[in-house]
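*Asks:* My questions all concern the structure below.
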């Protein structure tokens, strides 16, 4: 075995694990080290906001299977705090330095926390890590008098679904007109809004929480911006995620709270411009120009991207002379209120949506999104088997709508998708360091 | 043993539910619920389920795959220091 330090992967979740496997599969036989800030071996996160909250799975049941023998050195429970690119070392929180020959960045993201008034109160939760889910599950089983969920994205809606399954009163507050409005538009989001109400969720669209106030250190009430108030003793903050890039602040790489910027082959860009061909990134933390969307730099915080991009980044690391563009059609799934919601492509920015199978009234349908006459995304509510056919057409840049005269297809209804206007204020980049 | 299903790929054909009903179940029209940590005795049934999946969405860890790994930190003894954020 070589004397060189070998490849180090920082981030021991899905992307880090699948990246390590791809390196071994790709023929890498040298030293391989995985560094993780959490003390646990890689585990699967999607069940945390579903079956773990519902009490159907223990939090420690979701450890991810290894698919090849990694022959790796694991340093878990040690966050990386810095990268010395010139010296080729990673600084860990305990002060030790880990040398590397090549670096694979897979540090992912962390939950965006509540930073307004009441951030320090007990009874305020996020859902990202195993410990978050354990603590929230314990608090839900006490049980609370009313759960308040802030944010009607995927995690917020899944949490609302679990809480209703547990018989708990739930209020869901979100500034947009419908759930998932920013990723799927209000035409599709309205189906979920009706589902929430039918399931007994006190859903408050167009509302914002201004402050959380407590008694004896525990949350008791939320004040809304419009002056209203909600009595609650358990708050779930579901406001998305912030990428874990703080440790790269002084590394001379292009990185900020929105991700670490890569070239098309997942190699991280230096501030001087060109990529460092010995450093790649994959998963939630990686921002790269996706050829499917005209080279627009995006991050994709979904399970499927962590798996695929990790394999691609591993290949770029092993074969630096043959960088290939990473072409990825984003995809996600969510189960909530008994519905299986699956999507492919990026719908935001679409100018039209067509219901191409089923209908919204039955809550079983497939909708395709178009932009400038091209098909760019599709979402299925309990119609998953149609989705791959539409994914193929979207990947091929087919005209919108892409498939006509399909079996069982009715007259296609085309609508404006109803995306909320872009926020005028720029999101606060609490740790921008580009 | 460890199992994960790629639920992007899963189309709800439910063949796994016939092969290993104690570990895989379909809910609603097409939501797959599965046990990611079935007992080792279930390995033969889980393997049948993996092979029965028409879209190959089920991934199972082979036995004794970790033999060559080195743990440099004992997870039970680690405290979690805060990352130094600028």
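Every read-out reported here was derived from the displayed coordinates using simple, explicitly stated rules and does not represent laboratory data. All values derive from a computational prediction rather than experimental measurement. Glycine gets a Cβ as well: all are built from the backbone with ideal geometry, and neighbour counts include every protein chain shown.
*Asks:* When a/c reaches 1.5 or more, the comparison of a/b and b/c decides; with that in mind, is the range B:3-63 rounded, prolate or oblate per its Cα gyration tensor?
*Replies:* It is prolate, given that a/c is not under 1.5 and a/b is the larger ratio.
*Asks:* Okay, next question. In peptide A:331-340, how many Cβ atoms from other protein chains are near each Cβ within 10 Å, on average?
*Replies:* Taking all residues of A:331-340 together, the mean is 4.
*Asks:* Here is a follow-up. Please say if the range A:80-155 is rounded, prolate or oblate, where rounded means a/c under 1.5 for a ≥ b ≥ c the square roots of the C-alpha gyration tensor eigenvalues, and otherwise the choice is prolate for a/b larger than b/c and oblate otherwise? The partial results should precede the final answer.
*Replies:* Values: a/c = 2.88, a/b = 2.83, b/c = 1.02.
Prolate shape, in that a/c is at least 1.5 and a/b is the bigger ratio.
*Asks:* Would you kindly state how much longer the chain becomes between residue A:131 and residue A:321 on full extension, computed as 0.36 nm times their sequence separation minus their alpha carbon distance, in nm to one decimal? Each step should come with its number before you reach the end.
*Replies:* Values: separation 190, 0.36 × 190 = 68.40 nm, distance 4.20 nm.
Fully extending the segment from residue A:131 to residue A:321 adds 64.2 nm.
*Asks:* If the elastic network links every pair of Cα atoms under 10 Å, which of A:73, A:91, A:142 fluctuates the most in the Gaussian network model of chain A?
*Replies:* Of A:73, A:91, A:142, the most mobile in the Gaussian network model is A:142.
*Asks:* What ranking of B:33, A:104, B:24 emerges when the number of other C-beta atoms within 10 Å of each C-beta is taken as an exposure proxy, fewest first?
*Replies:* B:33, B:24, A:104
*Asks:* Here's something else I'd like to know. Which distance in nm do the two modelled labels at residue B:47 and residue A:56 give, with both placed 7 Å along the Cα-to-Cβ direction?
*Replies:* According to this spin-label approximation, the distance is 2.8 nm.
*Asks:* I need to check one value: relative contact order of the range A:113-239, counting alpha carbon pairs closer than 8 Å and at least 6 residues apart, in percent.
*Replies:* 34 percent
*Asks:* Next question. For a quick check: sort A:21, A:131 by the number of other beta carbons within 10 angstrom, fewest at the front.
*Replies:* A:131, A:21
*Asks:* Relative contact order for chain A: what percent, with Cα pairs under 8 Å and sequence separation of 6 or more?
*Replies:* Answer for chain A is 15 percent.
*Asks:* For the range A:338-415, build the convex hull from the C-alpha positions and give me its volume per residue in Å³.
*Replies:* Hull volume over Cα atoms, normalised by residue count, gives 85 Å³.
*Asks:* Continuing with the same structure: What average count of beta carbons from other chains do you get within 10 Å of the Cβ of residues in B:62-69?
*Replies:* Values: counts 5, 0, 1, 6, 7, 2, 4, 10.
Going residue by residue through B:62-69 and averaging, the value is 4.
*Asks:* Moving on to the next point. Counting DSSP beta bridges with both partners in the range A:113-267, what percentage is antiparallel, nearest 5? Walk me through the numbers before you get to the answer.
*Replies:* Details: 11 of 27 bridges.
Percent antiparallel among DSSP bridges in the range A:113-267 is about 40.
*Asks:* What 222 nm value per residue comes from the helices of chain A, counting each DSSP H run with n ≥ 4 as -39,500 (n - 2.57) and dividing by all residues, nearest 500 deg cm²/dmol?
*Replies:* Theoretical 222 nm ellipticity from helices: -6000 deg cm²/dmol.
*Asks:* Build a GNM of chain A with springs between Cα atoms under 10 Å: which of A:145, A:301, A:38 gets the top mean-square fluctuation?
*Replies:* Of A:145, A:301, A:38, the most mobile in the Gaussian network model is A:145.
*Asks:* If you take each beta carbon of peptide A:71-82 and count the beta carbons of other chains within 10 angstrom, what is the mean?
*Replies:* On the way: counts 5, 5, 4, 7, 5, 6, 10, 5, 5, 1, 5, 2.
For this peptide, the per-residue mean of nearby foreign Cβ atoms is 5.
*Asks:* Then there's this: Which distance in Å, rounded to a whole number, links the C-alpha centroids of the range A:9-73 and the range A:265-316?
*Replies:* 19 Å
*Asks:* Take every Cα pair under 8 Å in the range B:3-63 that's 6+ residues apart, average their separations, divide by the length, and report that relative contact order as a whole percent.
*Replies:* Relative contact order here is 46 percent.
*Asks:* Using DSSP, restrict attention to beta bridges with both residues in chain A and report what percent are antiparallel, rounded to the nearest 5.
*Replies:* Roughly 65 percent of the beta bridges in chain A run antiparallel, per DSSP.
*Asks:* Once both labels are modelled 7 Å past Cα along the beta-carbon direction, what's the residue A:224-residue A:396 spacing in nm?
*Replies:* 4.8 nm
*Asks:* Label residue A:372 and residue A:412 with points 7 Å out from Cα along Cα→Cβ: what is the distance between them in nm?
*Replies:* Distance between label points: 1.9 nm.
*Asks:* Counting other beta carbons within 10 Å of each Cβ, put A:94, A:278, A:284 in order, fewest first. Numbers along the way, then the final one.
*Replies:* Numbers: A:94 14, A:278 17, A:284 28.
Fewest-to-most Cβ neighbours within 10 Å comes out as A:94, A:278, A:284.
*Asks:* Next question. Rounded, prolate or oblate: pick one for the protein assembly as shown, where a ≥ b ≥ c are the square roots of the eigenvalues of its C-alpha gyration tensor, a/c under 1.5 means rounded, and failing that, prolate if a/b is larger than b/c, else oblate. Can you show the working numbers first?
*Replies:* Details: a/c = 1.34, a/b = 1.21, b/c = 1.11.
Taking the square roots of the gyration eigenvalues as a ≥ b ≥ c, the protein assembly as shown is rounded.
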